[in-house]
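J.: Starting off with a structure, shown below.
The values are calculated or read from the model by the stated rules, or taken from the named source; none is laboratory data. What you are looking at is a predicted structure, and each value in this text was computed from that prediction instead of being measured. Here the Cβ is made from the backbone with ideal geometry for all residues, glycine too, and neighbour counts use every protein chain on show.
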Amino acid sequence: MGKHIKELAVEGPEAFQKIYRMEYSTFMKLCDIKHPKIIVNDEMSRVRTGKDAIKVKIMLHCLLRWLSSGSYLDIRLSAGISLAKLTSCIYNCMDAILESEDLAYKFPSTAKEVDDASQGYESLSSQAAIKGCVACLDGYLLQIKVHIFHGIIKPME
């Protein structure tokens with residue numbers, strides 16, 4: 001993985017972020033958080049396969065590349081693992097992330113939290129265009145009120 005990181009650094013400061021959809025420091029933080037849940041015992045791996053265990057960084061690399069539409073062929077070749085092991089890495093990492101309390105999304109639950117979240121989104125939007133949004137997981141759903149006038153949909157003013 002170290003060689004891969006060095007090659008990305010040569011490509012430029014944004015290369016890692018473009019490939020993994022996160023900064024390197026965030027990737028490392030995620031590795032630290034998930035390490036206890038997905039670590040594989042080196043000794044048992046050598047007994048079973050004759051090879052060292054796959055490191056957490058490689059497992060997370062596999063998951064993130066797969067989630068960002070990477071080809072399983074490229075991912076498994078870059079990680080140096082079999083297709084069966086790639087599948088195992090993806091599912092084990094995904095399960096560990098979904099079960100993590102540290103990574104759980106927390107929706108606002110009090111009136112103050114709702115108001116703070118709404119103000120936060122409004123302040124980040126262009127010309128305070130987003131009003132009333134309190135959470136955003138993947139995109140933004142904006143309810144638009146419309147009038148139907150002689151079969152033509154016309155936005156309300």
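J.: Filter region 60-92 for residues that are polar (S, T, N, Q) and surrounded by 11 or more Cβ atoms within 10 Å (Cβ to Cβ); which is modelled with the highest pLDDT?
T.: Our first condition is that a residue be polar (S, T, N, Q); within region 60-92, this holds for 68-69, 71, 78, 82, 87-88, 92.
Narrowing further to those that are surrounded by 11 or more Cβ atoms within 10 Å (Cβ to Cβ): 68, 78, 82, 87-88, 92.
On the way: 68: 85, 78: 85, 82: 88, 87: 92, 88: 88, 92: 87.
Result: 87.
J.: If residue 33 satisfies every condition in (1) farther than 25 Å from residue 137 by Cα; (2) modelled with pLDDT under 85 but one, which is the exception?
T.: (1) is the only condition that residue 33 fails.
J.: Only one of 116, 102 is acidic (Asp, Glu) and at pLDDT below 85. Can you tell me which?
T.: Numbers: 116 fails: at pLDDT below 85.
Sole residue among the options that is acidic (Asp, Glu) and at pLDDT below 85: 102.
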